Amino acid sequence: MLTEILATSPRAAQTVLSFDRARELASCHGSPLLVVSKSKLIDTYWKMREFLPGVEMYYAAKANPDLHILTTLREQGSFVDVCSFGEMEAAQFAGFSPEQMLHTHPCKTEFNLRSCYDAGIRWFVYDNALEAQKIANLTPDVNLLLRMAVSVSSSVVNLSAKFGAAVDDALSVLLAAKSLGLKVRGISFHVGSQCLNPTDYTAALKEIRWVWDAAVKHGFDLEVLDIGGGFPAPYRHDAPTIEEFCGVVAAGINEHFGDLPIRLIAEPGRGMCAESTTLITKVIGKSRRWGMPWYFLDDGLYGSFSGKLFDHTDFPLIYEGMGTRELSSCVVAGPTCDSSDVVSTDQLLPDLEIGELILVPCMGAYTSASASPFNGLPVARSVAID
Ligand SMILES: Cc1ncc(COP(=O)(O)O)c(C=O)c1O
């Protein structure tokens, strides 16, 4: 399926700005710098709306709680998925009201649950009887979605390994909440992040429909189906287009839930924001070590490239004058004193000059969100364009 989809319309990683514009921005704001294209973000939001008809978007702030991204999406009418007090505050700062938020953490600290409830959030997720008990003790009048685990066959990050009730346990977890007087209003799942085959959703929807029908038979008044995130982005490998990927997901929703008058929601993180952002990073040093050229950048594994470690993402490095310079094997390292801070060992690059800029596309998701100021080096700032 993936090869068929890619054969018709592959989507390649692209920068959101030229090298000339990058030089202007870097001279004004410094580097490393994350450049957010609002128009790219808006385009992605509306493409997802168009090709997932009837599905409301709850942008997963964990992918990138950057103010430019949150504000831009709110202005388009997006809702937001938060998983902590900190994300809720970031969303509030961007203008989202608590009614526009869904809290999706299946295992909350008491502080997380209580503080988000006190701020006004009323939709939460749970996946087991003890979490239901916690919710019943602290915030009994909330609306709940049961998070279910689903088979993950083509995603890079399995999000059913840690959370989600198994199909066989779902009914007992639903009944546990009911016996505590809680209102379960729907079901959510996540096929895993960077899902590469949209038929994974179809398979999950089939399983969920079985549980949904069993719940209805037991008197549950379910009204919300949350299909989670998982929508892919291109990195060093192409990804399917939004049109084609979401088209298959929409067909799956229609096939398995098309007969029900329910509210459909999705929680895209990566698929919504990854392509909106390009990193500008600068070559700050070079050397030759055991016969191999090494280039040192002002951003690395502890910074915006943290997604390489935590998210298994392999970002393409774009240099100026592609196609015109002679290339060779090299090592590209980050700016910290740690030897493991290596960004790439297998990308061919020209003889880079100190001070030269490198652009890294698709740096919107799981990059700055997991960056740290290790070695006292500040994380990249962000600016918005268009
Ligand atoms: C509950 C939940 N929803 C949504 C997302 C966003 O997923 P993605 O970035 O794959 O769209 C995640 C990612 O971890 C998640 O845990």
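Coordinate-derived values only; no laboratory data. Since we're looking at a predicted model, the values are computed, not measured. All Cβ positions, glycine included, derive from the backbone under ideal geometry; neighbour counts span all protein chains shown.
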Under the rule of at least 5 residues apart or a separate chain, name every residue whose amide H is placed under 5 Å from the amide H of ALA94. none
Percent of C-alpha pairs per 5 Å bin, segment 275-385, short to long: 2, 12, 23, 27, 19, 11, 4, 1, 0
Given 0.36 nm per residue, what is the gain on full extension from SER172 to HIS312 after removing their alpha carbon distance, in nm? 46.9 nm
Once normalised by the length of the chain, the mean sequence separation of its alpha carbon contacts under 8 Å that are 6 or more apart gives a contact order in percent of 22 percent
Quick one: the Cα spread of segment 145-210 along its three principal axes, in angstroms, biggest first? 39, 22, 18
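Given a cut-off of under 8 Å on Cα pairs at least six residues apart, what relative contact order in percent is computed for segment 275-385? Show your work: numbers first, answer last.
Numbers: 228 pairs, mean separation 41.9, N = 111.
Over segment 275-385, the number comes to 38 percent.
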Could you bin all the Cα-Cα distances of segment 35-163 into 10 Å bins starting at 0 and give me the percent of pairs in each, rounded to whole numbers? 12, 38, 35, 14, 1
Least to most buried among ILE354, ILE318, ILE253, ILE187 (fewest other Cβ within 10 Å first): ILE354, ILE318, ILE253, ILE187
Calculate the FRET efficiency for THR324 and LYS286 from the Cβ-Cβ distance with a Förster distance of 22 Å, rounded to the nearest 0.05. 0.65
What size of dipole, in debye to the nearest 20, comes out for the chain about its Cα centre when the only charges are +1 on Lys and Arg C-beta atoms and -1 on Asp and Glu C-beta atoms? 420 debye
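Given N residues in segment 202-341, what is Rg(Cα) / (2.2 N^0.38 Å)? If you can, show how the numbers build up before the last one.
On the way: Rg = 22.6 Å, N = 140, 2.2 N^0.38 = 14.4 Å.
Ratio of Rg to 2.2 N^0.38 Å for segment 202-341: 1.57.
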Under 20 Å from a point placed 7 Å out from the Cα of ASP338 along the Cα-to-Cβ direction: which residues of segment 286-301 have their backbone N that close? 295-301
Please give the direction-averaged projected area of the C-alpha convex hull for the chain, in square nanometres with one decimal. 19.5 nm²
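For ASP386 and THR109 in the same chain, what is the full-extension length gain: residue separation times 0.36 nm, less their Cα-Cα distance, in nm? Walk me through the intermediate numbers first.
Details: separation 277, 0.36 × 277 = 99.72 nm, distance 3.93 nm.
The span from ASP386 to THR109 would gain 95.8 nm if fully extended.
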Ranked packing of 188-201, 21-34, most packed first, by mean Cβ within 10 Å: 188-201, 21-34
